[in-house]
Amino acid sequence: MFSFGHRTNTATILGFVVGVAHGAAPPSLPPQSVFIDPLSFAVLGQNATFRDSAFDSGFNPSSTPTPFFQILNEGFLDILGQEPSFHEIASNPDFGFANEAPVYFPDTDEIFFSGSAFPGNTNVSNQVNRVSMSEVEDALRTSNGSAVNVTVTPIDLPSTVISTNGGTGPFRGSLLFVGDGLGARPPAVTLVNPRPPHNATVLLDNFFGRQFNSLNDVKIHPTSGKIFFSDVPQVETYFARVCS
């Protein structure tokens, strides 16, 4: 599992969460974990204090110091295992290289993700990068619990893959990305080959002849295989692109 922190203008830290999978939920919570029953906050009442922004204040009703695992469904315990831990595996104090769209590709044991955008610049798209998980495991084995900084490799993508903001997969052997669009170029749903030469196929770039606003996140339904994605107007703020 991977943890992508809040986007900042100066730095990004890529975190790796290690867990041991098992068949049955443990009788107690693992270290650095808090269970929050969703029913406990389903109704807060008309006079309650509500969060104004998901970016400025995280949902932490237990006020637990970070980092920690906030569990809302007991099924998540099967993923965490009994001894999960947090590790910093890559960092760059000068640029937000890890921001969105994490996709793990098991065939090559690599994680793909996109970096921060360039607000107001309609000529430069963000970068998609990859990290070798075997390198991560090797580095952690000799780290004695300290942070490591593994190689982050940019991948050269066709110009049709623009402002990648969401990702999932593998989908039929490929990575599935959605992008915000850039300037007059439209947002699109795109299949990308995870192996060189990283060729791409645009699956969708309009809704009955009308450009999307800003494709943000994407998921594949586990049984039907259908693609679901969100379309939001945030691109006006970040990329000087007009939404309608």
Residues located in the stretch 92-119, provided they are of a type in the set (F, W, Y) and over 15 Å from N165 (Cα atoms): F95, Y104, F105
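What strands (runs of 3 or more DSSP E) completely inside the stretch 120-230 contain at least 2 residues that are crowded, with 18+ Cβ neighbours inside 10 Å and under 16 Å from the mean Cα position of the chain (by Cα)?
Of the strands (runs of 3 or more DSSP E) lying wholly inside the stretch 120-230, those with at least 2 residues that are crowded, with 18+ Cβ neighbours inside 10 Å and under 16 Å from the mean Cα position of the chain (by Cα) span 128-132, 164-171, 174-179, 215-220.
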Are there any pairs, at least 6 apart or on different chains, whose C-beta atoms fall under 8 Å, with the first in the stretch 51-67 and in contact (Cβ under 8 Å) with a residue 60 or more places away in the chain and the second surrounded by 10 or more Cβ atoms within 10 Å (Cβ to Cβ), and if so, which? P67/S3; P67/G15; P67/Q32; P67/F86
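To keep it simple, each residue is scored yes or no on (1) in contact with a Gly (Cβ under 7 Å, 6 or more places away or on another chain); (2) farther than 30 Å from I155 by Cα; (3) modelled with pLDDT under 60.
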position	(1), (2), (3)
G23	no, yes, yes
Q32	no, yes, no
F69	no, yes, no
A90	no, no, no
Residue within the stretch 167-179 that is farther than 25 Å from S91 by Cα, at pLDDT 95 or above and among the charged types (D, E, K, R) present: no
Selection from the stretch 216-244 of residues that are in contact with a Pro (Cβ under 7 Å, 6 or more places away or on another chain) and either farther than 14 Å from N165 by Cα or modelled with pLDDT of 95 or more (or both): C243
Hey, F113 more than 27 Å from H198 (Cα to Cα), at pLDDT 90 or above and not in a loop (DSSP other than H, G, I, E, B) or not: no
Just checking, which of A188, A139, A184 is of a type in the set (A, V, I, L, M) and modelled with pLDDT under 95? A184
Within the stretch 197-211, can one find any residue that is touching an Asp or Glu at 6+ places or on another chain (Cβ under 7 Å) and either within 30 Å of H87 (Cα to Cα) or of a type in the set (A, V, I, L, M) (or both)? yes
Consider S134 carefully, then state whether it is at negative phi, of a type in the set (G, A, S) and at pLDDT 90 or above. yes
Looking at the stretch 46-83, which of its residues are exposed (fewer than 13 other Cβ atoms within 10 Å of the Cβ) and outside any loop (DSSP other than H, G, I, E, B)? E74, G75
Could you please find all residues in the stretch 84-99 being surrounded by fewer than 18 Cβ atoms within 10 Å (Cβ to Cβ) and in a loop (DSSP other than H, G, I, E, B)? P93, D94, F95
What are the pairs, 6+ residues apart or on separate chains, where a residue within the stretch 167-185 that is farther than 13 Å from A200 by Cβ has its Cβ under 7 Å from a residue that is hydroxyl-bearing (S, T, Y) and surrounded by fewer than 18 Cβ atoms within 10 Å (Cβ to Cβ)? L182/T122; G183/T122
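The values are calculated or read from the model by the stated rules, or taken from the named source; none is laboratory data. Remember, predicted model here, so these are calculated numbers, not experimental data. Ideal geometry is used to build each Cβ from the backbone, glycine not excepted, and the neighbour counts take in all protein chains shown.
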